[in-house]
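Trainee: What follows is a structure written as structure tokens; I'll ask about it next.
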Amino acid sequence: MKKIAIFSSSEGSNAANLMHYFKNHPFIGVDLLVSDRFSSQSLVKAAAFGVPTFSFSVAKEGFPAHLPFLLKERGIDLVVLAGYFSLLPICMIEAFPQKIINIHPSLLPHFGGKGCYGSKLLDKILRSGHTSTGITIHFVDEEYDHGQIVFQKACEIDHADTVESLRERMKILEYQYYPKVVEAIFASAQQEKFVKDERI
């Protein structure tokens, strides 16, 4: 059984989708949910799925230096960021090289970087004049939204779109593809086919 740890700062909708998808999976399980905010609803959702949690306040305490060791002790194979807003420190990147992935609600390298998330990002996309956007799943390095791209999927932007309507369409893509990419990463042969078929 391969073990994943989900990192989430937000309401946890993507985290909940991943926990639901892998609840009875034959070879992948969610072993831990980590949040850098005590108020994150992802902690409540993890409890509902029976997933252990680890939480801290990055604003007050900073990133726990022992967390990479804790993840190693638990046998974590892949760290999956799902609405995690803080920049991971170099100790995490070095402990899990090419074993941390993130999902971003734009087609990187467009509309990436510090602060590019949530309603502010979607409003920026709508105001840009672009006729399409989408999601990007990428490996994580020491910069925001910068690591090697694993997968992208586009969707059209309609002239009548609002932040909310675009958010809902992006969520559909995120829920559909993020678990499949996690599966593909654990099966290298499948990963090559999946990326070839779907990446833009």
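Trainee: Residues 176, 191: which one is at pLDDT below 90, under 19 Å from residue 18 (Cβ atoms) and part of a helix (DSSP H, G or I)?
Mentor: When all the criteria are applied, what remains is 191.
Trainee: Take the range 8-50 and flag every residue that is over 17 Å from the mean Cα position of the chain (by Cα) and in a loop (DSSP other than H, G, I, E, B).
Mentor: If the condition is that a residue be over 17 Å from the mean Cα position of the chain (by Cα) and in a loop (DSSP other than H, G, I, E, B), then 23, 24, 25, 26, 27, 38, 39, 50 are the ones that fit.
Trainee: When the range 8-41 is examined, which residues are found to be small (Gly, Ala, Ser) and either out of contact with any Asp or Glu (no Cβ under 7 Å at 6 or more places or on another chain) or in the same structural domain as residue 180 (by TED's automatic domain parsing) (or both)?
Mentor: Within the range 8-41, 8, 10, 12, 13, 15, 16, 29, 35, 39, 40 meet the criteria.
Trainee: With the checklist (1) within 18 Å of the chain's Cα centre (by Cα); (2) surrounded by fewer than 17 Cβ atoms within 10 Å (Cβ to Cβ); (3) not in a loop (DSSP other than H, G, I, E, B) in hand, flag the one item residue 70 doesn't pass.
Mentor: (1)
Trainee: Another question about this same structure. Would you check if residue 5 is among the small types (Gly, Ala, Ser), within 15 Å of residue 102 (Cβ to Cβ) and part of a strand (DSSP E or B)?
Mentor: yes
Trainee: Mind listing just one residue for me: the one in the range 143-188 that is farther than 16 Å from residue 104 by Cβ, touching a residue at least 40 places away in the same chain (Cβ under 8 Å) and not β-branched (Val, Ile, Thr) and, of those, surrounded by the most Cβ atoms within 10 Å (Cβ to Cβ)?
Mentor: 179
Trainee: Pairs please, first residue from the range 110-131 and under 19 Å from residue 143 (Cβ atoms), second anywhere and at pLDDT 90 or above and part of a helix (DSSP H, G or I), Cβ atoms under 8 Å, 6+ apart in sequence or on different chains.
Mentor: Final answer for the pair search is 111/124; 111/125; 116/124.
Trainee: Determine if the range 161-173 includes at least one residue that is part of a loop (DSSP other than H, G, I, E, B) and modelled with pLDDT of 90 or more.
Mentor: Yes - at least one qualifying residue is present in the range 161-173.
Trainee: Report, by residue number, each residue of the range 117-160 that is outside any strand (DSSP E or B), hydroxyl-bearing (Ser, Thr, Tyr) and more than 26 Å from residue 98 (Cβ to Cβ).
Mentor: 119, 128, 131 - these are the residues of the range 117-160 that are outside any strand (DSSP E or B), hydroxyl-bearing (Ser, Thr, Tyr) and more than 26 Å from residue 98 (Cβ to Cβ).
Trainee: Now a separate question. Regarding the range 80-87, can at least one residue be identified that is without any contact (Cβ under 8 Å) to a residue 24 or more places away in the chain, out of contact with any strand residue (DSSP E or B) (no Cβ under 8 Å at 6 or more places or on another chain) and either of a type in the set (D, E, K, R) or assigned by TED's automatic domain parsing to the domain that holds residue 3 (or both)?
Mentor: Scanning the range 80-87 turns up no residue that is without any contact (Cβ under 8 Å) to a residue 24 or more places away in the chain, out of contact with any strand residue (DSSP E or B) (no Cβ under 8 Å at 6 or more places or on another chain) and either of a type in the set (D, E, K, R) or assigned by TED's automatic domain parsing to the domain that holds residue 3 (or both).
Trainee: Moving on. Does residue 129 satisfy the criteria of being at positive phi, surrounded by fewer than 20 Cβ atoms within 10 Å (Cβ to Cβ) and not aromatic (Phe, Trp, Tyr)?
Mentor: yes
Trainee: Continuing with the same structure: From the set of residues in the range 1-56 that are basic (Lys, Arg) and without any contact (Cβ under 8 Å) to a residue 40 or more places away in the chain, which is surrounded by the fewest Cβ atoms within 10 Å (Cβ to Cβ)?
Mentor: This residue is 23.
The values are calculated or read from the model by the stated rules, or taken from the named source; none is laboratory data. The structure displayed is predicted, hence computed values, not measured ones. In this analysis, Cβ positions are derived from the backbone assuming ideal geometry, glycine residues included, and neighbour counts consider all displayed protein chains.
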